[in-house]
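Peer 1: Let me give you the structure first, and then I'll get to my questions.
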Amino acid sequence: MSAVVREDLIVAGRRRPGRGAVLPSISPVDGRVVAEVATASPEDVDEAVTAGAAAMRDPAWRGMLPHERARLLHRAGALIEDDLEGLARLQTRDNGKPITETRALVASAAGTFRYVAAALETLDETLTTPRGPYLSMSVYEPIGPVAAITPWNSPIASEAQKAAPALAAGNAVLIKPAEWSPLTALRLGEILLCAGMPPGLISVLPGAGPVTGEALVRHPGVRKVSFTGGTATGRRIGAIAAEKLMPVSLELGGKSPTIVLPDADLDHAVKGVLFGVFSSHGQACVAGSRLFVHRSMHDEMVDRLVAAAERLVIGDPDDEGTHMGPLISAEHRERVEAYVRLAAEEGGRVRTGGERPRGAGLDAGFFYRPTIITGLDHGSRVCREEIFGPVLAVLPYEDEDALPALADATPYGLACGIWSRDYRRAWRLARRIEAGTVWINTYKQLSAATPFGGVKESGVGREKGRDGIRAYMAQKGVYWGLDEAPMRWGD
């Protein structure tokens, strides 16, 4: 058994113990404590925010040209890539994702820094059309210290998605990782410092949401919050932000529909649906957890999905052949199990899964089998509420014109998948559904260049893309008077 590692905070670029309680980092694979993590108190938060604001005012940073900041971001991306295997193993240990997935997430984080650096080099300000004897410009400036509050399911990618554009815009960034997965955020903080970022700009503050997160959101020096996580917490952040008149980006929950039209290629659709809901153990905000299949092919689709799900390998996430590792915690598994019991009460039939797997190496961890349920009503709680686990509800439909209303019949609007050989048909359907992202004949493909976010209770604002940098900046108008004569007011 390896020794338990002690991890300190990063406060304005300096590793030190926190004033908050020590947080155990528990491996979901076997329930062991793998690290003891210092947490940030409100006093630690205040120190980090104050130092971040001071570092932003330093002329060496404030006057740094965009291409010079881009060089630091490129270097951070390269350092992440150089440590790809180590970071991937660290995240697998922290949250139980299979190593094949965590490698892809680390590569995504490196790509995010490279993309943001390239976008920053070519991010122009605007000379606006004059309407008088003046020259007018629209310029962009750093918004101020940014709180980046990230989730436990894909920490390294989420942290890069927030930190890279916030730093590109010239801000200090204060990363508050999820309580269950703080380790990669601390490593990322070290990488940003090694890349040459001014130390005062970088803080990583693990801790409980009601303590550390609340202190960050309420702090008067924090000028923007970017949050990815649950809708209830997002509402809380939004309410505090409204009191402060502070902008926020909120990427929240989802109950994403996947639609298989009668003309779909079923081989592609089965694989895509399986990946869309069971990869990451279903612990993804975009998980395609509701499947609408035309009644004429419903039974065939279910049979094929059940057979494919039962072939998935559940086990040690460090093994290359593992498809599904454990859920994040014992408590979360119990929540998923409660929803599966509720499905039975609501008239659903579990076609596969619905139980914990047994066997060597599985009993001590928080594993759960991929679960497929049929027979539910569209309005059932299991079909409307986010489960955040490996549970798929399959629902037959007959009238294609009714699909948008069925797909939209939840409070969420984050993502949607459509499978069809007819791109015109898929395009028309995609435009009618309320969702921030629609995938056609693919699923869970994400690009640093494409804005991402949700509608309704899935959040507000967008991240990624060129405008993702502008989201961390304040816009300012500047006018240059050109009239030779003085103003005539007061004559």
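Bear in mind these aren't lab numbers, they're just calculated from the coordinates by the rules spelled out. In this text the structure is predicted, and so the values were computed from the model without any measurement. Cβ: placed from backbone, ideal geometry, glycine included. Neighbour counts: every protein chain shown.
Peer 1: Which whole-Hz couplings ³J(HN,Hα) result when phi for each residue of segment 442-447 is put into the Karplus expression 6.51 cos²θ - 1.76 cosθ + 1.60, θ = phi - 60°, listed in order with x for Gly and Pro?
Peer 2: Residue by residue, segment 442-447 yields 6, 7, 6, 8, 10, 10 Hz.
Peer 1: Ok, one more. May I ask for the Rg/Rh ratio of segment 420-464, computed from Cα atoms with Rh as the Kirkwood radius, given to two decimals? Write out the running numbers ahead of the final one.
Peer 2: On the way: Rg = 11.8 Å, Rh = 11.8 Å.
That ratio is 1.00, to two decimals.
Peer 1: Where does helix 42-57 land angle-wise versus the long Cα axis of the chain, in degrees 0 to 90, nearest 10?
Peer 2: So the inclination is approximately 50 degrees.
Peer 1: Here is a further query. Near the amide H of GLY459, under 5 Å away, which other amide H atoms are found, from residues 5 or more places off or on another chain, if H is placed in the peptide plane?
Peer 2: Answer set, sorted by chain and number: LEU252.
Peer 1: List the lysines whose alpha-carbon lies under 17 Å from that of LYS271, not counting same-chain residues fewer than 8 positions away?
Peer 2: LYS444
Peer 1: Starting with the highest mean, order 308-314, 242-248, 373-379 by the number of other Cβ atoms within 10 Å, averaged over the residues of each peptide.
Peer 2: 373-379, 308-314, 242-248
Peer 1: Right, something else. Highest mean first, what order results for 73-84, 129-140 on Cβ atoms within 10 Å?
Peer 2: Per-residue Cβ counts within 10 Å, averaged per peptide and sorted highest first, yield 73-84, 129-140.
Peer 1: Could you give the nm distance between label points at GLU125 and SER296, where each point is 7 Å from its Cα heading toward the beta carbon?
Peer 2: Each label point lies 7 Å from its Cα, and together they span 6.1 nm.
Peer 1: Sticking with this one: For ALA449, which sequence-distant residues (separation of 5 or more, or a different chain) have an amide H within less than 5 Å of its own amide H, given hydrogens modelled in the peptide plane?
Peer 2: Amide H neighbours of ALA449, under 5 Å, 5+ apart: GLY465.
Peer 1: Let me ask another. How big is segment 342-422 along each principal axis, measuring the range of its Cα positions in Å and listing the largest first?
Peer 2: 49, 31, 23
Peer 1: Could you list ILE10, ILE240 so that the one with the fewest beta carbons within 10 Å of its beta carbon is first and the one with the most is last?
Peer 2: ILE240, ILE10
Peer 1: Mind checking which aspartates and glutamates have their Cα closer than 19 Å to the Cα of LYS476? Skip sequence neighbours fewer than 8 apart in that chain.
Peer 2: Cross-link targets: ASP124, GLU125, GLU141, ASP467.
Peer 1: Relative to the longest principal axis of the C-alpha atoms of the chain, give the angle of the C-alpha long axis of helix 99-121, reported between 0 and 90° and rounded to the nearest 10°.
Peer 2: That helix lies at roughly 30 degrees to the long axis.
Peer 1: What FRET efficiency do you get for THR442 and ARG488 if R0 is 56 Å and r is their Cβ-Cβ distance, rounded to the nearest 0.05?
Peer 2: Efficiency for this residue pair is about 0.30.
Peer 1: For segment 313-366, what is the Kirkwood estimate of the hydrodynamic radius, computed as the reciprocal of the mean inverse distance between distinct Cα atoms, to one decimal in Å?
Peer 2: 12.4 Å
Peer 1: Turning to a different aspect of this structure: Residue by residue, what Karplus-based ³J(HN,Hα) values in Hz, rounded to whole numbers, does segment 129-146 have, using 6.51, -1.76 and 1.60 with θ = phi - 60° and x for Gly and Pro?
Peer 2: Going residue by residue, I get 5, x, 10, x, x, 7, 10, 10, 9, 10, 10, 10, 9, x, 7, x, x, 10 Hz, with x marking Gly and Pro.
Peer 1: Compare the peptides 252-263, 42-53 by average per-residue count of other Cβ atoms within 10 angstrom and give them in order, highest first. Walk me through the intermediate numbers first.
Peer 2: Working: 252-263: 24.4, 42-53: 21.5.
Peptide ranking by packing, descending: 252-263, 42-53.
Peer 1: What full-extension length gain, to one decimal in nm, is calculated for ARG89 and CYS194 as 0.36 nm per residue of separation minus the Cα-Cα distance?
Peer 2: Difference between extended and current length: 35.8 nm.
Peer 1: On the principal axes of its Cα set, how long, how wide and how thick is segment 32-170? Give whole Å, largest value first.
Peer 2: 70, 36, 25
Peer 1: Average projected area of the Cα convex hull of segment 257-440, in nm²?
Peer 2: Numbers: hull surface 39.9 nm².
Reported value for the Cα convex hull: 10.0 nm².
Peer 1: For segment 87-144, what D do you get in µm² per second when you plug the Kirkwood radius from alpha-carbon pairs into Stokes-Einstein at 25 °C and 0.890 mPa s?
Peer 2: It comes out at roughly 162 µm²/s.
Peer 1: For the chain, just say rounded, prolate or oblate: build the C-alpha gyration tensor, square-root its eigenvalues into a ≥ b ≥ c, call rounded for a/c under 1.5, and beyond that prolate if a/b exceeds b/c, oblate if not.
Peer 2: Details: a/c = 2.14, a/b = 1.38, b/c = 1.55.
Oblate.
Peer 1: Which Rg and Dmax, in Å, describe the Cα atoms of segment 166-237?
Peer 2: Computed over the Cα atoms of segment 166-237, radius of gyration and Dmax are 12.6, 37 Å.
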